[in-house]
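The next block holds one structure in the form of structure tokens; read it before the comments.
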């Protein structure tokens with residue numbers, strides 16, 4: 001029996017392409033194999049004249065719990081090696097999505113953590129379930145984020161709090177603070193996201209491309225692209241702290257135990273008292 005595909009692709013409405021991360025047993029952890037399929041599918045949709053807008057979502061209980069720490073695999077596209085390669089690669093991947101002609105929508109439910117939050121950020125629009133949980137817990141023990149988007153979308157004070165605690169915010173808070181466009185009850189999220197995609201698809205694609213680009217150009221004029229690239233050097237420095245080295249030694253002994261140790265003091269994520277499904 002062949003394994004299930006790690007990325008599902010369908011067209012749920014005319015001119016709308018939808019990609020579904022399909023590793024639900026792994027909380028849609030972003031292995032490099034999955035990341036590679038995402039980039040390939042997005043670029044294929046960008047070339048397809050029958051597609052005007054794309055949706056990115058996760059199967060199962062969440063959007064994505066982050067990067068697959070147990071086995072990333074070979075990088076899906078080349079990035080110059082040396083110190084900071086991984087963070088530079090992540091930021092380059094973000095701009096591969098930014099620079100597509102067609103709008104990409106992130107449909108976020110459940111956990112949207114670390115690399116998962118970076119993937120959603122890279123999309124042009126984000127619609128979230130009200131009870132989604134968006135955060136970057138790795139700042140507690142491992143390193144600064146690979147893609148340091150937080151100050152740009154949350155503002156300085158909120159970004160500072162998230163970076164100094166690693167706490168998650170809800171979909172409602174994410175919409176209020178600027179990470180998400182809107183938040184909906186979980187049972188309405190798919191229909192509302194698809195309705196917005198269909199609305200966007202009514203705009204001429206050549207004009208939509210320019211409209212998308214004008215927003216990004218203004219952010220770049222304010223220094224966003226340069227700032228995110230500069231942040232990769234801070235990420236590289238983070239791996240050389242004694243705390244990070246000690247934590248990575250624990251990680252090599254067992255990923256689950258290391259994650260539990262990270263969050264037990266805070267009483268959240270995997271160690272929360274809520275008996276429901278957790279990443």
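Would you mention how many residues in the stretch 237-247 are part of a helix (DSSP H, G or I) and either crowded, with 16+ Cβ neighbours inside 10 Å or modelled with pLDDT of 95 or more (or both)?
The initial filter retains those residues of the stretch 237-247 that are part of a helix (DSSP H, G or I), namely 237-238, 242-247.
Checking which are either crowded, with 16+ Cβ neighbours inside 10 Å or modelled with pLDDT of 95 or more (or both) leaves us with 238, 244, 247.
Residues in the stretch 237-247 being part of a helix (DSSP H, G or I) and either crowded, with 16+ Cβ neighbours inside 10 Å or modelled with pLDDT of 95 or more (or both): 3 in total.
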Original post:
Is at least one residue of the stretch 256-276 more than 24 Å from the chain's Cα centre (by Cα), at pLDDT 85 or above, outside any helix (DSSP H, G or I) and surrounded by 11 or more Cβ atoms within 10 Å (Cβ to Cβ)?
Top reply: no
Original post:
Among the residues of the stretch 93-119, how many are touching a strand residue (DSSP E or B) at 6+ places or on another chain (Cβ under 7 Å) and more than 22 Å from residue 169 (Cα to Cα)?
Top reply: 4
Original post:
In the list 208, 197, 191, which residue meets the criterion of being surrounded by fewer than 17 Cβ atoms within 10 Å (Cβ to Cβ), at pLDDT 95 or above and assigned to a helix (DSSP H, G or I)?
Top reply: 191
Subject >> Any hit, the stretch 223-236, residues being modelled with pLDDT under 95 and either closer than 18 Å to residue 124 by Cβ or not in a helix (DSSP H, G or I) (or both) >> reply: no
**OP:** Residue by residue through the stretch 22-60, note down the ones that are assigned to a strand (DSSP E or B) and either without any contact (Cβ under 8 Å) to a residue 24 or more places away in the chain or more than 28 Å from residue 143 (Cα to Cα) (or both).
**Re:** 53, 54, 55
Original post:
residue 170 versus (1) without any contact (Cβ under 8 Å) to a residue 60 or more places away in the chain; (2) closer than 26 Å to residue 84 by Cβ: which is the lone unmet condition?
Top reply: (2)
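The values are calculated or read from the model by the stated rules, or taken from the named source; none is laboratory data. All of these numbers come straight from a predicted model, not from anything done at the bench. Cβ: placed from backbone, ideal geometry, glycine included. Neighbour counts: every protein chain shown.
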